[in-house]
Amino acid sequence: MIGGKLYFSASDGVHGKELWVSDGTTAGTQLLKDIHPGGESSEIWMLTTWNDKLFFRANDGVHGNELWVSDGTTAGTQMLKDINPGVAGSFATWMTLLNNKLYFTANDITHGYELRVTDGTTTGTQLVKDSHPGGSGNYIWNMQVLNNKLYFTADDGVHGKEPWVSDGTTLVIYLLNDIYPVSVFSEEGIFRLGLDRLFFGANDGVHGKELW
């Protein structure tokens with residue numbers, strides 16, 4: 001919701017699945033922008049409201065799936081940054097708010113899928129840290145916030161898929177626990193219940209996959 005209006009993706013059978021807006025009335029429910037012109041879908045995903053703007057992933061048919069932003073107007077709906085130049089796209093995902101910044105993962109080919117951050121501007125959209133050096137990336141997923149820190153699953157190429165933590169800066173981003181101390185995947189999706197605990201499924205190589 002922005003300004004009392006609801007934003008969503010939908011297909012009218014003509015434009016493909018695109019960005020729509022509604023004020024709750026029939027007349028006020030309309031296509032906001034045909035991001036991928038024609039009958040193709042713009043593949044809108046991860047709609048996230050922040051600072052009276054809408055952030056999301058979309059494909060305009062030229063740049064691939066990239067990070068977009070909208071102020072609720074057609075003219076103000078535009079790509080925030082072409083993180084991975086070309087048609088392949090960066091596939092920005094796991095958009096998570098922390099300390100008035102938006103964190104997400106994206107692939108720029110050079111670094112692979114890594115943790116990134118934006119302050120809502122093009123120049124302020126950047127890599128936090130290349131924690132799996134090279135083009136492979138650490139494939140961060142399922143980010144959660146607890147006590148002003150980001151928790152997520154990642155693979156640094158050494159420990160396998162394990163739980164990691166970050167304060168959103170390059171200074172604090174580290175492996176929380178090497179649950180299965182060999183280079184295999186031990187940990188699955190992190191989820192949150194209540195205000196002070198994170199839960200996830202993991203295999204320590206002894207007990208099998210259990211709740212942690």
Restricting region 60-89 to residues that are charged (D, E, K, R) and open to solvent by less than 70 Å² (accessible area, probe 1.4 Å), the residue that is farthest from the chain's Cα centre (by Cα): D60
Give just the number: which of (1) open to solvent by less than 50 Å² (accessible area, probe 1.4 Å); (2) touching a Lys or Arg at 6+ places or on another chain (Cβ under 9 Å); (3) modelled with pLDDT of 85 or more; (4) not basic (K, R) does D155 not satisfy? (3)
If the requirement is being farther than 17 Å from F55 by Cβ and crowded, with 20+ Cβ neighbours inside 10 Å, which of these qualifies: N107, N142? N107
Could we say that V62 is of a type outside the set (G, A, S) and at pLDDT 95 or above here? yes
Here are the criteria: (1) modelled with pLDDT of 80 or more; (2) of a type outside the set (A, V, I, L, M, F, W, C); (3) touching a Lys or Arg at 6+ places or on another chain (Cβ under 7 Å); (4) more than 25 Å from R197 (Cβ to Cβ). Tell me which single one T170 does not satisfy. (1)
For T123, the lone unmet condition from (1) within 23 Å of I44 (Cβ to Cβ); (2) at pLDDT 95 or above is (1)
Which of (1) in a loop (DSSP other than H, G, I, E, B); (2) under 25 Å from T96 (Cβ atoms) is the odd one out, the single condition F55 does not satisfy? (1)
Looking only at residues in region 1-13 that are touching a residue at least 24 places away in the same chain (Cβ under 8 Å) and either part of a strand (DSSP E or B) or closer than 16 Å to G61 by Cβ (or both), which one is most open to solvent (accessible area, probe 1.4 Å)? K5
The condition of being over 16 Å from D119 (Cα atoms) and modelled with pLDDT of 95 or more holds, among S22, S70, only for S22
List pairs: first in region 16-38 and closer than 16 Å to N59 by Cβ, second hydrophobic (A, V, I, L, M, F, W, C) and in a loop (DSSP other than H, G, I, E, B), Cβ under 8 Å, 6+ apart or cross-chain? K17/I44; E18/I35; E18/I44; L19/I35; L19/I44; I35/I44
Please work out if Y103 is touching a Ser or Thr at 6+ places or on another chain (Cβ under 6 Å), within 30 Å of F152 (Cβ to Cβ) and assigned to a strand (DSSP E or B). yes
I need a count of the residues in region 38-50 that are of a type outside the set (D, E), at pLDDT below 95 and part of a loop (DSSP other than H, G, I, E, B). 2
Reported set for region 14-48 where residues are open to solvent by 60 Å² or more (accessible area, probe 1.4 Å) and either of a type in the set (S, T, Y) or under 23 Å from the mean Cα position of the chain (by Cα) (or both) is K17, T25, T26, E40, E43, W45, L47
Any chance you could count how many residues in region 90-135 are within 15 Å of the chain's Cα centre (by Cα) and free of Cβ contacts under 8 Å to residues at least 12 places away in the same chain? 1
Q144 - would you say it is of a type outside the set (S, T, Y), closer than 30 Å to S41 by Cβ and touching a residue at least 12 places away in the same chain (Cβ under 8 Å)? yes
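The values are calculated or read from the model by the stated rules, or taken from the named source; none is laboratory data. Remember, predicted model here, so these are calculated numbers, not experimental data. Neighbour counts run over all protein chains shown; Cβ positions are idealised from the backbone, glycine included. With ligands, DNA and RNA removed, areas are computed over all heavy atoms of the protein, side chains included. Shrake-Rupley method; radii C 1.70, N 1.55, O 1.52, S 1.80 Å.
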